[in-house]
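The values are calculated or read from the model by the stated rules, or taken from the named source; none is laboratory data. All of these numbers come straight from a predicted model, not from anything done at the bench. For neighbour counting, all protein chains shown are included, and Cβ atoms are generated from backbone atoms with ideal geometry for every residue, glycine included. Please note that ligands, DNA and RNA were not included when accessible areas were found on the heavy atoms of the full protein model with its side chains. Shrake-Rupley method; radii C 1.70, N 1.55, O 1.52, S 1.80 Å.
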Amino acid sequence: MDPKKILFVVIDGVSDRPIEGKTPLDSASTPNLDYLAKVGINGIMDTIAPGIRPGSDTSHLALFGYDPFECYSGRGPIEAAGAGIKLEDGDLAFRVNFGTVEGKGSVFDKIVVDRRAGRIDDTDDLVEAVRKIDLSSFGIDFVFERGSGHRGAIVFRGINVSDRVSDTDPKEMGLKVKKAKPLDESEEAKITAEAINYFMEESHKILEEHPKNHERGKKGLLKANVLLLRGGGKVRKVQPFEEKFGMRLAFITGTTLIKGIGKFIGADLIEVKGATGNKNTNLKGKFEAAITALDSHDVVLLHIKAADEFGHDGDFDGKMEFIQRVDDEAEILKELDFSKVCLIVTADHSTPIKARDHTADPVPVTIVHEGVRVDEIDRFSELIAYKGGLCRIRGVDLLNIALDLTNRAKKFGA
Ligand code: ZN
Ligand code: ZN
């Protein structure tokens, strides 16, 4: 018989804290998700651990069986993986913004007037020009790639590289560009900080004089004349998913950060036309692509972002209506052959309307598969899921539970 497949549907930030007893998910009309809850086993989940507020990155690592406390060292490495940089153990990776500075003298005397350089979108020429910088006198190499819009990622590599250095992004407008400082006494930290500061000056000179920026100046657009580095972290390479679990993994997501997690753990990224990671995303296309991906892959993630965005915006009705749209498209899930597919519907964390940020409130989780102990839960809701047969689990255990249900787990002991 064909090995069984596992489909994760992660509705980012879908769960909430009740306001006068109500949450967007509990209030939404979700007949299809409710059906899945009814034929499945349900529970609540601490994606990382009770009381720990998850990022979308750390929680997704946990959901796919990677302990974020062991393998997560900041956003830099994840963004760099997402930008397509092949990471090596010991690399120092930063997220990068093209920004705009004004003033005289050294780049560190100048004031950041925009952290996104007027949301510049075409940075290819600029990236190419900056790549000519030579850091070999520091014993350091670097790899610089653009991301979407004004974003990018940079990796510093070499025997002299230390991650004990500070960011150069002041993270606020109106402040000066920061010098990278060594954060310990080591020679490596000192050299790395010097190399980064040299890179900051040189890249500023190159960008300031670049024809593209002259053109932008003439058009009245902000110059993209500085690179702001943040989220620095040392790369700890993880065992790729396929090697670790013996299964092929695919991610379907419109969100750069989750693509980065996918690349970091060795997932194939399946691109869907119109998958934007926002409320106008092509939901139908994503659901269809997820079902199709089960033919070529053993484990598939379908990640849906916008519920989280509505949570950050504090928009109760917007979040509820978006959940209803997700439910409309989720009808297709009911047609899955649950003797062959183990379906998991859950979230990566709660993003409550009132908190406007991620909280550690556990998320609902529903598992549908032949042979699960169907419980009495008949609605997909964070307010009642705790009564289900899964009770309360941790994110890092979820994949193990699915592996067991699909008879892919190995016995521990005799
Ligand atoms: Zn999230
Ligand atoms: Zn969020």
DSSP beta bridges in the chain [antiparallel fraction, %, rounded to 5]: 60
Over all distinct alpha-carbon pairs, what is the Kirkwood Rh of the range 340-386 in angstrom? 12.2
Reduced to Cα centres, the span from the range 171-189 to the range 54-88 in Å works out to 23
May I ask you to order 11-17, 209-215, 88-94 by the average number of other C-beta atoms within 10 Å around their residues, highest value first? 11-17, 88-94, 209-215
Taking every eigenvalue of the Cα gyration tensor of the range 80-233, multiplying by 5 and rooting it, what semi-axes result, largest first, whole Å? 25, 17, 13
Hey, which of these cross-link pairs are over 26 Å Cα-Cα: Lys104/Lys171; Lys38/Lys319; Lys86/Lys218; Lys319/Lys387; Lys5/Lys319; Lys179/Lys234? Lys86/Lys218; Lys5/Lys319
Which one of Leu294, Gly232, His214 is farthest out on the positive end of the charge dipole of the range 198-339, using unit charges on Cβ (Lys, Arg +1; Asp, Glu -1) and the Cα centre as origin? His214
How big is the shadow of the Cα convex hull of the range 1-86, averaged over all directions, in nm²? 9.3
Quick check of the Kirkwood formula: for the range 357-414, what is the inverse mean of 1/r over all pairs of different Cα atoms, in Å? 13.1
What number does the range 169-318 give for Rg over Rh if you use C-alpha atoms and the Kirkwood radius? 1.09
Between Glu331 and Lys171, what's the calculated FRET efficiency when r is the beta-carbon distance and R0 is 51 Å? Round to 0.05. 0.75
The answer for the range 346-405, accessible area per residue at 1.4 Å probe in Å², is 43
Let me check the size of the range 263-414 from its C-alpha atoms; what are the radius of gyration and Dmax in Å? 16.4, 54
Suppose every Lys and Arg Cβ carries +1 and every Asp and Glu Cβ carries -1, with no other charges. What dipole size does the chain come out with about its Cα centre, to the nearest 20 debye? 560
Roughly speaking, what is the centre-to-centre gap between the range 315-359 and the range 207-229 when only Cα atoms are used, to the nearest Å? 42
For the range 81-140, which trypsin sites (Lys or Arg not before Pro) are in a loop by DSSP, counting at most 10 other Cβ atoms within 10 Å? Lys86, Lys104, Lys132
Return the tail of the calculated pair distribution for the range 13-53, meaning the percent of Cα-Cα pairs more than 16 Å apart. 52
The correct pair for the chain, radius of gyration to one decimal and Dmax as a whole number, both in Å and from Cα atoms, is 23.0, 75
